[in-house]
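Below you'll find the structure, written out as structure tokens, and then a few comments.
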Amino acid sequence: MTSVRAAEARAKRKKAAGIQWGSWLFAAALIVLLLFTLFPFYWAIVASLTPEAALFRDPSLWPQQIIADHYRALFVDRDFITPIRNSLVVAGTTTIFCLCVGTLAAYALARLEFKGKAAIMGFILAVTMFPQISIVSPLYLLLRSLHLIDTYPGLIMPYMTFAMPLTVWVLTGSIRQIPRDLEEAAHVDGATRRQSFTKILLPLAVPSLVTTGILTFIYCWNEFLFALSFTLGPERQTVPVAIALFRGQYQVPWGEILAAAVVATAPVAAMVLVFQRRIVQGLTAGAVKG
Amino acid sequence: MSRVALEHVDKTYPNGFVAARDLSLEAADGELLVLVGPSGSGKSTVLRLMAGLERVSDGVIRIGERDVTDLPPQQRDIAMVFQNYALYPHMTVRENLGFGLSIRKQPRAIIEDRVRTVAASLGLEALLDRKPAQLSGGQRQRVALGRAIVREPLAFLFDEPLSNLDAQLRVETRVELSRLHRKLGATMVYVTHDQSEALTLGDRIAVLKEGVLQQIASPMKLYEEPANKFVAGFIGSPGMNFFEGVLTRIGTGGVCTFQGADFTIRVPCESGTNGRVILGIRPQHLEITDDSARGDGVVRAEVGVVEPMGNEQIVYVTLPNGERAVAIAPVQPRITAGEKVSIRVRPEGIHIFDAGSGRRMAR
């Protein structure tokens with residue numbers, strides 16, 4: 001008995017040792033990957049805190065002297081608040097609008113039987129296939145005739161042309177994966193179609209709604225070409241346009257540009273962190289079958 | 001009164017698949033009716049038609065005295081237990097159980113009370129605050145059952161509710177369901193492909209094949225007087241043996257001889273039954289004797305496989321012409337594979353079916 005137990009214990013230790021080696025290797029690989037992906041961010045933050053002169057004289061991995069001048073310049077010398085506000089309004093409105101309309105469209109495409117469903121899905125996808133640059137001029141003429149140049153709707157509506165197909169496609173896929181039985185059970189339990197949508201389907205789709213929302217938001221937040229073409233002055237310029245226009249004729253204010261980049265990334269990163277729990281929860285939620 | 005009845009119901013899918021053809025059947029008030037059939041027989045579709053999850057192509061559905069043919073599921077006041085339970089994953093067991101009541105805007109106190117009563121009767125009290133993901137298969141099954149009971153519906157519909165459970169739990173739950181049916185006295189329609197489940201649970205059983213009702217009768221009647229060859233083969237395990245042959249009348253005394261490929265036997269028969277038939281005999285009515293036996297209804301055979309079952313042995317044999325048959329024999333004497341034996345067809349167990357239509361002719 002005892003010898004058997006000892007042998008078992010030995011085997012267990014051996015196995016544990018093997019697992020430990022594996023997990024060390026895994027950890028090491030993770031660290032390398034993390035360094036690789038995080039370095040540009042780190043570098044941007046460091047550079048944004050380094051005096052302009054030092055930036056070109058002897059750039060070092062470790063900040064020698066930390067100054068907040070670039071950030072101060074952003075908000076005192078320049079008006080960086082306005083582009084941030086513009087970006088928030090445009091990206092936020094587009095995202096909310098896309099999610100509202102997209103969810104309903106996706107529900108119809110995933111659940112209802114009607115003719116031409118495949119054609120509609122294909123058409124929605126086709127809309128995104130035009131190179132953005134090719135539709136800038138026609139869109140400009142269209143928006144001008146509608147007097148929407150240099151307005152929020154003038155950006156939100158073009159943004160929806162590429163954000164909506166993304167939303168509809170992603171959400172259609174994820175709604176299809178929610179078992180139909182659940183809604184049928186709700187119907188039998190006494191729920192109307194609307195109730196089964198709001199009480200069963202929607203709560204289950206929240207993780208994918210959040211994920212899609214974040215994707216759409218980031219997409220709109222970073223969009224440059226439309227924002228540049230359809231705005232006229234600083235009043236309605238979004239963050240990427242504002243940053244691009246930092247560079248003067250003779251010099252590029254790298255410090256300020258990087259400081260602006262850090263400031264522009266912050267809201268997105270914060271949003272992802274806030275919703276992260278929900279996303280992970282969604283991925284691990286209980287399945288239906290046992 | 002809460003009978004569930006289909007009257008001349010047709011269901012054809014847009015792709016042309018016919019799931020029900022001129023189907024009329026009824027689960028009487030308080031009855032447990034089992035719908036049984038192989039996959040593709042339309043039994044699940046029939047249940048979904050009753051629930052209102054599918055619309056009939058033609059015909060009438062009644063629940064109680066009400067014509068519900070055009071009513072959506074939420075207005076039919078029936079409860080359904082799904083094969084995969086379909087518990088709402090984002091709700092606790094308590095919320096799952098109470099969903100049907102809260103959606104009908106029942107007062108909170110009543111919901112709370114009913115949920116507690118049902119949870120107690122199913123042994124779910126300790127699990128009320130868990131989510132479905134944290135439950136075992138058996139527990140989920142009970143929650144699904146509880147969700148149906150809480151609402152006190154007019155009728156219960158079960159769609160293969162035991163098929164996701166392991167063998168032992170399945171038998172236990174089957175007994176529990178039977179007890180539940182007696183206690184509630186409710187009308188229940190139960191779909192399964194498992195004939196043993198059907199035989200043990202059903203007050204009556206409806207056998208379906210390709211959307212057509214083959215027979216609806218009590219379990220014993222179904223077993224003893226199957227209406228056709230399909231029902232005879234589907235009900236009972238191992239399945240009935242069939243032998244093709246010719247029936248010839250002898251004189252006028254209501255006696256015929258069946259002449260099969262390998263054996264001959266005298267059988268009682270009605271007038272006018274002549275010609276090609278199929279003789280059916282259950283494994284219990286094939287007696288294994290030693291090789292030397294000869295006579296009426298005796299055929300020689302070679303043993304292929306023997307399955308000892310503890311209280312009996314299932315013997316698979318091959319007749320000289322290559323036909324196969326199954327017999328159930330007592331444990332003693334032991335029979336071994338490869339052995340040469342004789343099997344005797346016991347006349348009291350014979351069923352005769354028409355060779356063309358498969359319809360039952362006589363016993």
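The values are calculated or read from the model by the stated rules, or taken from the named source; none is laboratory data. What you see is a predicted model; the values in this text were computed from it and never measured. Positions of Cβ are backbone-derived with ideal geometry, glycine not excepted, and every protein chain shown enters the neighbour counts.
Scan B:V68, B:V36, B:V46 and give me the residue that is crowded, with 18+ Cβ neighbours inside 10 Å, more than 24 Å from B:F234 (Cα to Cα) and of a type in the set (V, I, T). First the steps, then the outcome.
Values: B:V36 fails: more than 24 Å from B:F234 (Cα to Cα); B:V46 fails: more than 24 Å from B:F234 (Cα to Cα).
Within the list B:V68, B:V36, B:V46, the selection yields B:V68.
Any residue in the range A:282-290 that is within 14 Å of chain B (Cβ to nearest Cβ), under 30 Å from B:Q141 (Cα atoms), touching a Gly at 6+ places or on another chain (Cβ under 8 Å) and modelled with pLDDT of 80 or more? I'd like the intermediate steps shown before the answer.
Restricting attention to the range A:282-290, the residues satisfying the condition of being within 14 Å of chain B (Cβ to nearest Cβ) are A:282-290.
Next, only the ones that are under 30 Å from B:Q141 (Cα atoms) stay: A:282-290.
Still in the running and touching a Gly at 6+ places or on another chain (Cβ under 8 Å): A:290.
Subset that is modelled with pLDDT of 80 or more: none.
No, the range A:282-290 contains no residue that is within 14 Å of chain B (Cβ to nearest Cβ), under 30 Å from B:Q141 (Cα atoms), touching a Gly at 6+ places or on another chain (Cβ under 8 Å) and modelled with pLDDT of 80 or more.
Given the criteria farther than 24 Å from B:G236 by Cα and surrounded by 14 or more Cβ atoms within 10 Å (Cβ to Cβ), does B:E312 qualify?
no
For the range B:155-165, state whether one or more residues are without any contact (Cβ under 8 Å) to a residue 40 or more places away in the chain, out of contact with any strand residue (DSSP E or B) (no Cβ under 8 Å at 6 or more places or on another chain), in a loop (DSSP other than H, G, I, E, B) and under 21 Å from A:R193 (Cα atoms).
First, the residues of the range B:155-165 that are without any contact (Cβ under 8 Å) to a residue 40 or more places away in the chain: B:162, B:165.
The next check asks that each one be out of contact with any strand residue (DSSP E or B) (no Cβ under 8 Å at 6 or more places or on another chain); those that pass are B:165.
With in a loop (DSSP other than H, G, I, E, B) added as a condition, the list becomes B:165.
If we keep only those that are under 21 Å from A:R193 (Cα atoms) too, we end up with none.
For the range B:155-165, residues without any contact (Cβ under 8 Å) to a residue 40 or more places away in the chain, out of contact with any strand residue (DSSP E or B) (no Cβ under 8 Å at 6 or more places or on another chain), in a loop (DSSP other than H, G, I, E, B) and under 21 Å from A:R193 (Cα atoms): absent.
Quick check, is A:A110 assigned by TED's automatic domain parsing to the domain that holds A:F217 and under 22 Å from the mean Cα position of the chain (by Cα)?
no
For a quick check of your reading of the model, give me the residue pairs whose first member lies in the range A:257-278 and is touching a residue at least 12 places away in the same chain (Cβ under 8 Å), whose second is of a type in the set (G, A, S) and crowded, with 19+ Cβ neighbours inside 10 Å, with beta-carbon atoms closer than 6 Å and at least 6 apart or on different chains.
If the second residue must be of a type in the set (G, A, S) and crowded, with 19+ Cβ neighbours inside 10 Å, the pairs left are A:L258/A:A47; A:L258/A:S48; A:A259/A:S48; A:V262/A:S48.
Taking B:E54 and the conditions (1) more than 14 Å from chain A (Cβ to nearest Cβ); (2) among the charged types (D, E, K, R); (3) closer than 29 Å to B:P219 by Cα, which numbered condition does it fall short on, given that it satisfies the others?
Every condition holds for B:E54 apart from (1).
Find all pairs meeting these conditions: Cβ atoms under 7 angstrom apart; at least six residues apart or on different chains; first residue within the range B:215-226 and in the same structural domain as B:I350 (by TED's automatic domain parsing); second residue surrounded by fewer than 19 Cβ atoms within 10 Å (Cβ to Cβ) and of a type in the set (S, T, Y).
none
Looking at (1) more than 30 Å from A:E184 (Cβ to Cβ); (2) outside any helix (DSSP H, G or I), which is the one condition that is false for A:E113?
Evaluating A:E113 over (1) more than 30 Å from A:E184 (Cβ to Cβ); (2) outside any helix (DSSP H, G or I) leaves (1) as the failure.
Within 14 Å of chain A (Cβ to nearest Cβ) and under 20 Å from B:A155 (Cβ atoms): does that describe B:L122?
In short, no.
One residue is enough: does the range A:99-111 have a residue meeting the conditions modelled with pLDDT under 90, surrounded by fewer than 15 Cβ atoms within 10 Å (Cβ to Cβ) and touching a helix residue (DSSP H, G or I) at 6+ places or on another chain (Cβ under 9 Å)?
No, there is no match, as no residue in the range A:99-111 is modelled with pLDDT under 90, surrounded by fewer than 15 Cβ atoms within 10 Å (Cβ to Cβ) and touching a helix residue (DSSP H, G or I) at 6+ places or on another chain (Cβ under 9 Å).
Can you name the number of the only condition in (1) part of a loop (DSSP other than H, G, I, E, B); (2) without any contact (Cβ under 8 Å) to a residue 60 or more places away in the chain; (3) surrounded by 12 or more Cβ atoms within 10 Å (Cβ to Cβ) that A:I124 fails?
(1)
So in the range A:154-207, with the set limited to residues that are more than 10 Å from chain B (Cβ to nearest Cβ), surrounded by fewer than 18 Cβ atoms within 10 Å (Cβ to Cβ) and polar (S, T, N, Q), which one is farthest from the chain's Cα centre (by Cα)?
Here the residue is A:T198.
Among the candidates B:V207, B:V150, which residue alone is over 18 Å from the mean Cα position of the chain (by Cα) and at pLDDT 90 or above?
Criteria check complete, one pass: B:V150.
(1) over 19 Å from B:P238 (Cβ atoms); (2) buried (at least 19 other Cβ atoms within 10 Å of the Cβ): which one isn't true of B:S357, the others all being true?
B:S357 satisfies every listed condition except (2).
Among the residues of the range B:116-129, is any surrounded by 15 or more Cβ atoms within 10 Å (Cβ to Cβ) and under 24 Å from B:Q75 (Cβ atoms)?
Yes, the range B:116-129 has at least one match.
Under 9 Å by Cβ, and 6 or more places apart or on different chains, what pairs join a residue from the range A:130-146 that is within 13 Å of A:A227 (Cβ to Cβ) with one that is surrounded by 13 or more Cβ atoms within 10 Å (Cβ to Cβ) and modelled with pLDDT under 90?
A:Q132/A:F162; A:L139/A:T161
Restricting to the range B:306-355, count the residues that are of a type in the set (A, V, I, L, M) and without any contact (Cβ under 8 Å) to a residue 12 or more places away in the chain.
So the count comes out to 1.
Conditions tested, residue by residue: (1) assigned to a loop (DSSP other than H, G, I, E, B); (2) closer than 30 Å to B:E31 by Cβ.
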residue	(1), (2)
B:K221	no, yes
B:G236	yes, yes
B:F258	no, no
B:Q284	no, yes
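Do we have any residue at all in the range B:91-110 that's surrounded by fewer than 21 Cβ atoms within 10 Å (Cβ to Cβ), more than 14 Å from every other protein chain (Cβ to nearest Cβ) and of a type in the set (A, V, I, L, M, F, W, C)?
Keep residues of the range B:91-110 that are surrounded by fewer than 21 Cβ atoms within 10 Å (Cβ to Cβ), which gives B:91-92, B:94-95, B:102-110.
Okay, now just the ones that are also more than 14 Å from every other protein chain (Cβ to nearest Cβ), so B:94, B:107-110.
Narrowing the set further to residues that are of a type in the set (A, V, I, L, M, F, W, C) leaves B:109-110.
Yes, the range B:91-110 has at least one match.
Assuming A:V241 fulfils every condition listed in (1) more than 14 Å from chain B (Cβ to nearest Cβ); (2) in contact with an Asp or Glu (Cβ under 9 Å, 6 or more places away or on another chain); (3) at pLDDT 90 or above apart from one, which condition is it?
The number of the failed condition is (2).
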